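Working notes for the structure below.
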Amino acid sequence: MAQHSGVDEAAADGMPDLSGSEDEEDLWEDEECDSGLRVCCLFCDSSLNSSQDVFSHCQQEHHIDLASVVQTHKLDDYGYIKFINYIRSTKCSAESLKSICGAVPWQSDEYMKPAVQDDPLLQIDVVELWEAKSMASDGSEQLMGGCPSPAALLLRAERAEEATRRTEEELARALEDLHKLKHFAQNLVMNADVRTGGSAAGAVAELREDEDEVYFSSYGHYGIHEEMLKDKVRTESYRDFMYLNPDVFKDKVVLDVGCGTGILSMFAAKSGAKKVIGVDQSEIIYQAMDIVRSNHLEGTITLVKGRIEEVELPVEKVDVIISEWMGYFLLFESMLDSVLYARDRYLADGGSVYPDLCTISVAAVGDAQKHSERIAFWDDVYGFKMACMKKAVVPEAVVEVLKPETLISDPTVIQNINCNVVTISELEFSTDFTLKINDNTQCTAIVGYFNIFFDKNCASKVMFSTGPQSPKTHWKQTVFLLEKPIAVQSGNTLQGKITVRKNKKDPRSLIITLCLNDMKQTYSLQ
């Protein structure tokens, strides 16, 4: 990257100072031509004499003004380098580039690596480019003798001020993170409270400047998307719903909230949607853009990076909202909140959210061996009593696959959710329930799971379950172990009450309180 070293200095081997003298410009072009180096176009196989020729070629042949794009997105030197490498490495078309709105797809540091070795386009001084474009638009010219005009000097001053401001903001954030890290370390040294109502994860939550940043960052890793895509129950249910109900999508505008790799967006496009808009805050959306182009669906699917609560969509209303928002115990991660925001903001009258119906169920579990391994274990650890550890172990809900034969009651639904009408406040609830016992044994835990339905306006209705008696999914089941098992008999009932609420310290996690007979226990799911 060429560094800007002074107001009288042109950028060598880069975009010439368009407002300088003709002698300087001719000299720059002569040097570039004498080197024998040709400059490849960004969008076709054309090879040109200079970087300036590439800019002119792109404007004349591909109808895109690269300087205007740089100015529109306010790219600095690093942003410009990523911009050029992104186009070359992803083979982004001029049409796709023109359609980008909101957050740009070349923010990742992976685009700092040159896509073409010794690429002359990477040697352009962005400040010079800004000046040239600005002066071309307002008719300003440099003074004779190569001295910058007042307009050019003002522009450079504004750019320097902006760079200084950004640097100060980054330094302030770094200092704040350092302060929080020191505070977190002190908490650990002072033995942060891990009793019921507090946890090490809660202390970690205080370290985060923004919990959402950590959440979305986790979805930027490929492994989690591979796991979800390989979950056939999940993915094939969405596919079957869309492919078997084309009337729901034909000529409709569809919004995919949290689109990830874009698989649901592509299902919708193949089902006849007129336009599909996928929104995702995580870095995976850049791969989704490549995936969409690889499947020649860029004419139908538009991807937007950002939180659905913050981005501006290219449409006023949508006919259908699809999303795979479910977390452990259905509500973990709180992504349904974002879907409901999208529903209230963008869904047209008569439209629908899918999946539209969801239920949460619980059942009693009798698994003495598992209880002994995890709870009774602490009564005698190599001859030592560690029963106090139960107070830390029991409150942590366990996500695992249960053996169907360990169920000792019929399941009961504790919550019905209609995604077309439910409000965010209703996602925190308290419900009484009754479990009919079908075995003479001990109840060692309560298991929770959810069922999903694609029902509204569907000629072919589709559903799937995450329960122990259904095929395994990546959601598994959520198990709430009891500190002391409860003796039960077949034909009797177990009365209970469950309260589900968000963790105030980390709203994406859940606090779940269970009451069974005279026992009360609070669990965290995080």
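The single residue among Asp367, Asp337 that is closer than 20 Å to Trp475 by Cα and acidic (Asp, Glu) turns out to be Asp337.
Return yes or no: is Ser50 assigned by TED's automatic domain parsing to the domain that holds Gln123, out of contact with any helix residue (DSSP H, G or I) (no Cβ under 6 Å at 6 or more places or on another chain) and small (Gly, Ala, Ser)? Answer is no for this residue. In the stretch 451-460, is there at least one residue being touching a helix residue (DSSP H, G or I) at 6+ places or on another chain (Cβ under 6 Å) and at positive phi? Within the stretch 451-460, one or more residues are touching a helix residue (DSSP H, G or I) at 6+ places or on another chain (Cβ under 6 Å) and at positive phi. Whether any residue in the stretch 257-264 is modelled with pLDDT of 95 or more, crowded, with 23+ Cβ neighbours inside 10 Å, in contact with an Asp or Glu (Cβ under 7 Å, 6 or more places away or on another chain) and farther than 15 Å from Pro105 by Cα is what I want to check. Checked the stretch 257-264: at least one residue is modelled with pLDDT of 95 or more, crowded, with 23+ Cβ neighbours inside 10 Å, in contact with an Asp or Glu (Cβ under 7 Å, 6 or more places away or on another chain) and farther than 15 Å from Pro105 by Cα. Taken over the stretch 292-304, residues that are touching a helix residue (DSSP H, G or I) at 6+ places or on another chain (Cβ under 8 Å) and in a loop (DSSP other than H, G, I, E, B) amount to 4. Checking the stated criteria, Phe464 turns out not to satisfy the condition of being part of a strand (DSSP E or B), crowded, with 18+ Cβ neighbours inside 10 Å and touching an Asp or Glu at 6+ places or on another chain (Cβ under 8 Å). Here Gln442 clears all of (1) assigned to a helix (DSSP H, G or I); (2) over 30 Å from Phe241 (Cβ atoms) except the condition numbered (1).
Residues of the stretch 345-373 that are of a type in the set (Ser, Thr, Tyr) and crowded, with 23+ Cβ neighbours inside 10 Å: Tyr354 alone. Looking at this structure, is Ile437 surrounded by 13 or more Cβ atoms within 10 Å (Cβ to Cβ) and under 24 Å from Thr473 (Cβ atoms)? No, not satisfied. Restricting attention to the stretch 498-513, the residues that are farther than 14 Å from Glu428 by Cα and not in a loop (DSSP other than H, G, I, E, B) add up to 0. Return only the number of the condition from (1) modelled with pLDDT of 85 or more; (2) under 18 Å from Cys40 (Cβ atoms); (3) touching a Phe, Trp or Tyr at 6+ places or on another chain (Cβ under 8 Å) that Tyr80 does not satisfy. With (1) modelled with pLDDT of 85 or more; (2) under 18 Å from Cys40 (Cβ atoms); (3) touching a Phe, Trp or Tyr at 6+ places or on another chain (Cβ under 8 Å) applied to Tyr80, the lone miss is (3).
Of the helices (runs of 4 or more DSSP H) contained entirely in the stretch 305-409, those carrying at least 1 residues that are in contact with a helix residue (DSSP H, G or I) (Cβ under 7 Å, 6 or more places away or on another chain) and β-branched (Val, Ile, Thr) fall at 390-393. Scanning the stretch 424-452 for residues that are among the acidic types (Asp, Glu) and farther than 14 Å from Gly491 by Cβ yields Glu426, Glu428, Asp432. Residues that are β-branched (Val, Ile, Thr) number at least 2 in the following helices (runs of 4 or more DSSP H) confined to the stretch 36-124: 66-72, 77-90.
Any residue in the stretch 411-425 that is under 16 Å from Ile498 (Cβ atoms), of a type outside the set (Gly, Ala, Ser) and not in a strand (DSSP E or B)? Yes: the stretch 411-425 contains one or more residues that are under 16 Å from Ile498 (Cβ atoms), of a type outside the set (Gly, Ala, Ser) and not in a strand (DSSP E or B). Just one of the listed residues (Lys504, Lys497) is in the same structural domain as Cys388 (by TED's automatic domain parsing), surrounded by fewer than 15 Cβ atoms within 10 Å (Cβ to Cβ) and under 26 Å from the mean Cα position of the chain (by Cα), and it is Lys504.
Of everything in the stretch 247-269 that is in contact with a Leu (Cβ under 8 Å, 6 or more places away or on another chain) and not in a strand (DSSP E or B), the residue that is farthest from Ile285 (Cα to Cα) is Ala269.
The values are calculated or read from the model by the stated rules, or taken from the named source; none is laboratory data. Just so it is clear, the model here is predicted, and its values are computed rather than measured. Counting neighbours? That spans all protein chains shown, and the Cβs are built from the backbone with ideal geometry, glycine included.
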